[in-house]
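What follows is one structure encoded as structure tokens, with my remarks underneath.
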């Protein structure tokens with residue numbers, strides 16, 4: 001039995017966070033039904049796309065969902081979506097969306113059809129204003145603290161981190177509300193705003209405290225880890241590596257494999273610092289790096305990799321996306337998370353399933369993203385219990401559509 | 001009633017992801033009991049710290065948990081932790097940890113005491129090897145795709161994004177396993193590795209497809225948004241802003257407020273591109289930016305902010321952490337997510353609660369992180385049902401400790 005066997009979520013979403021939430025639940029075994037306009041949703045052609053214009057982005061965020069193509073500008077389309085969202089059963093009645101929807105998809109309107117409805121909306125700002133990952137990130141301060149030491153140029157992130165975090169929280173919110181409903185019989189409307197997630201994380205990571213209590217505006221530290229020892233180094237074979245010594249064990253492993261223990265003891269004495277402490281290592285990071293730099297510059301990755309791995313040193317090689325795809329043995333079917341999957345319209349490529357490994361549920365192979373309207377007919381029949389004639393009429397009237405052939 | 005009222009999670013964790021998971025659940029209403037060595041956990045002094053050495057990092061990631069200080073090198077300490085983890089009741093029997101623990105805290109050992117135990121371990125790599133956010137990020141490719149266009153220097157991120165994402169997923173995994181147990185009576189061991197989360201996200205965001213299907217190794221695009229139009233601009237008052245036009249609505253809002261609609265039409269014709277399409281806007285981003293740049297350079301933020309906000313343009317100002325704390329009205333008690341909270345050992349500062357807004361549970365104010373051992377006595381009494389004499393003996397024998405006075 002899959003982890004979330006039975007749970008049904010109806011999804012009407014766009015952007016990254018909300019579709020990611022639905023996909024996360026689908027990959028854990030929920031039945032996620034995504035509805036879209038007949039011509040496809042906002043993101044249906046979002047980059048990256050193949051040379052034929054098929055969206056790799058779309059395929060990535062909609063794996064394992066069922067697809068209903070429905071014209072919600074028509075009253076009959078609205079009724080179908082309303083009936084889906086408010087379908088009976090303890091495992092149904094969960095709606096995942098983006099907007100603070102008004103009108104027929106409003107929480108109060110839907111609740112008249114199912115009093116214990118759970119509706120989770122992923123917003124930009126808590127007021128429902130427009131904000132996306134790439135506007136929130138500059139506003140909360142990370143680009144100012146990213147990039148080469150001494151530079152004043154802000155560096156925006158490439159990973160839509162706030163989207164990814166919020167997406168997982170949205171999935172979490174749905175399970176929390178579903179647990180609450182199971183206990184109390186009471187449904188609820190939950191909202192989570194991308195910007196609030198970013199603001200909360202500023203606090204959770206101690207950054208708000210650093211400003212308020214220490215009056216410190218954290219500057220750029222290049223590729224150095226903040227608060228302990230972590231640094232990038234060039235190697236003799238032209239590569240760049242990252243070494244992190246956060247814990248005592250990691251630090252001692254680094255010193256013993258590089259043979260630097262004694263020299264570092266001397267350094268600590270010279271600087272009047274206790275380099276057994278993380279913070280003191282951060283304070284002395286330039287001096288430590290000056291000592292380790294030549295060591296790495298004289299060695300190739302192959303020279304030190306075996307001893308580093310043996311001693312549990314925490315390190316990695318900087319790779320481009322392509323180098324990672326080609327060189328990391330985990331980015332292959334040797335990793336049970338991945339399947340070589342034939343995505344309709346795109347072709348076969350390596351696709352991830354859920355990162356969770358469970359002692360009771362087998363890992364299920366990744367499933368492709370559905371083509372638009374692929375499950376329209378079966379959803380109307382199985383979930384709404386409509387007969388063949390009625391379904392035919394809805395198709396003929398252009399209220400719903402099946403996949404293009 | 002709080003969202004996760006009743007759920008009890010016992011936490012023995014370090015680093016970012018796993019403590020964040022526990023705190024997320026605590027802020028949603030779960031009773032999270034964190035146990036630590038008598039001298040405090042690995043992160044008890046992690047930076048940022050106040051001038052007195054109190055960890056703002058620690059306080060940030062451990063809000064709202066109860067604290068038990070216990071010497072697990074002693075058999076009696078091990079027995080206390082085992083009894084806590086395996087305490088009876090449908091809402092208990094959930095253990096959140098980091099390591100693939102062996103010995104007395106091993107899943108199979110604990111399961112002998114409670115057959116339906118749920119144990120979730122946050123790992124570095126799936127094999128249990130050492131890996132942290134700052135070594136995983138270089139290995140999967142993001143630093144190579146971050147920073148100024150044309151540069152070959154990798155730029156590591158400052159936000160521990162993989163930790164933050166994995167932490168939310170760990171919380172999600174616990175609720176999924178708890179739902180599964182409620183349905184089936186069966187507990188389970190779940191593992192989630194930071195590195196697997198990063199690898200899966202490479203696939204989810206279409207990056208693996210871009211490499212495999214398109215044979216494209218995404219380069220650095222500076223602060224430009226990939227795949228649609230988004231760019232940073234300097235303004236006449238010396239500020240830097242970010243403007244994003246991902247959807248049609250966002251794009252039209254930007255063109256109408258800047259009065260560029262006609263000029264952009266001409267540009268599209270000249271370039272033979274359809275700038276109504278996201279991808280074509282990305283292709284023409286340099287030319288678009290060349291047209292918009294002078295417009296922003298001649299205006300202060302105050303000049304365009306009202307019309308931008310009125311038209312729903314998606315934009316923001318680049319701020320440092322301190323500027324954000326000082327200038328963003330959401331970073332104050334005007335936002336119901338935040339409380340000005342007196343954190344013992346640190347003092348009063350602005351602290352976030354859960355980002356979720358619920359229609360049925362009131363937002364509860366943020367709670368401080370516990371001091372080490374603050375709840376040792378009450379946990380032994382209330383959860384384990386030990387009597388006063390026995391508790392006194394355990395304190396006297398140094399098996400457990402209360403807060404330092």
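Of all beta bridges DSSP finds with both residues in chain B, what is the antiparallel percent, to the nearest 5?
Percent antiparallel among DSSP bridges in chain B is about 50.
By DSSP, what percent of the beta bridges with both residues in region B:16-124 are antiparallel, rounded to the nearest 5?
Here the share of antiparallel DSSP bridges comes out near 10 percent.
Take every residue in peptide B:192-198, count the Cβ atoms of other chains within 10 Å of its Cβ, and give the average of those counts.
Shielding by partners across B:192-198 averages 5.
When the Kirkwood hydrodynamic radius is evaluated over all pairs of different C-alpha atoms of region A:193-278, what value in angstrom, to one decimal, is obtained?
15.6
For a Förster distance of 51 Å, can you work out the FRET efficiency between the beta-carbons of residue B:261 and residue A:309, rounded to the nearest 0.05?
Once the sixth-power term is evaluated, E becomes 0.30.
Going by average Cβ density within 10 Å per residue, which order do the peptides B:185-191, B:145-151 take, highest to lowest?
Put in order of decreasing packing, that is B:185-191, B:145-151.
Along the Cα→Cβ direction, 7 angstrom out, place labels at residue B:236 and residue A:127. What is the inter-label distance in nm?
2.5
Report, to the nearest 10°, how far helix B:75-85 tilts away from the longest principal axis of the Cα atoms in chain B, using its own Cα long axis and a range of 0 to 90°.
60
Volume per residue, Å³, of the convex hull around the alpha-carbon atoms of region B:1-153?
About 158 Å³ per residue, rounded to a whole number.
Tilt of helix A:261-271 relative to the longest C-alpha principal axis of chain A, in degrees (0 to 90, nearest 10)?
Orientation of helix A:261-271: about 80 degrees from the principal axis.
Which order do A:371, A:97 fall in if you start with the one that has the fewest other Cβ atoms within 10 Å?
Lowest count first: A:371, A:97.
Regarding the protein assembly as shown, what are the three Cα extents along the principal axes, ordered largest first, in Å?
Reported extents, whole Å, longest axis first: 79, 56, 51.
Using the alpha-carbon atoms, what tilt in degrees (0 to 90, nearest 10) does helix A:301-310 show relative to the longest principal axis of chain A?
80
Counting only other chains, what is the mean number of Cβ atoms within 10 angstrom of the Cβ of each residue in peptide A:343-354?
4
Please list A:392-400, A:335-343 highest first by mean number of surrounding beta-carbon atoms within 10 Å per residue.
The packing order, highest mean first, is A:335-343, A:392-400.
Three principal axis extents, largest first, for the C-alpha atoms of region A:65-117, in Å?
Computed over region A:65-117, the largest-to-smallest principal extents equal 28, 25, 21 Å.
What number, in percent, do you get for the relative contact order of region A:81-157 if the mean sequence gap of Cα pairs under 8 Å and at least 6 apart is divided by its residue count?
22
Under the rule a/c < 1.5 gives rounded, and otherwise a/b versus b/c splits prolate from oblate, where does region B:208-345 land using the Cα gyration tensor?
Oblate.
What does the average come to when, for each residue of peptide B:7-17, you count the partner chain Cβ atoms lying within 10 Å of its Cβ?
The mean count of partner-chain Cβ atoms within 10 Å per residue comes to 1.
Using only Cα atoms, locate the centre of region B:187-240 and the centre of region B:48-118, then give the distance between them in Å, rounded to an integer.
Here the two parts' Cα centres lie 35 Å apart.
Could you work out the equivalent-ellipsoid semi-axes for region B:298-405, taking the square root of 5 times each eigenvalue of the Cα gyration tensor, largest first, in whole Å?
So the three semi-axes of region B:298-405 are 48, 17, 9 Å.
Across every pair of different alpha-carbon atoms, what Kirkwood hydrodynamic radius in Å does region B:131-243 reach?
16.9
Semi-axes, largest first, in whole Å: what does sqrt of 5 times each Cα gyration tensor eigenvalue give for chain B?
48, 24, 19
Which of the peptides B:293-302, B:172-181, A:227-236 is most tightly packed, and how do the rest follow, going by the mean number of other Cβ atoms within 10 Å of each residue?
Ranking the peptides B:293-302, B:172-181, A:227-236 by packing returns B:172-181, A:227-236, B:293-302.
Each value in this text was obtained by applying a stated rule to the coordinates, not by laboratory testing. The model shown is predicted, which means the values in this text are computed figures rather than measured ones. Please note: Cβ atoms are built from the backbone with ideal geometry, for glycine as well, and neighbour counts cover all protein chains shown.
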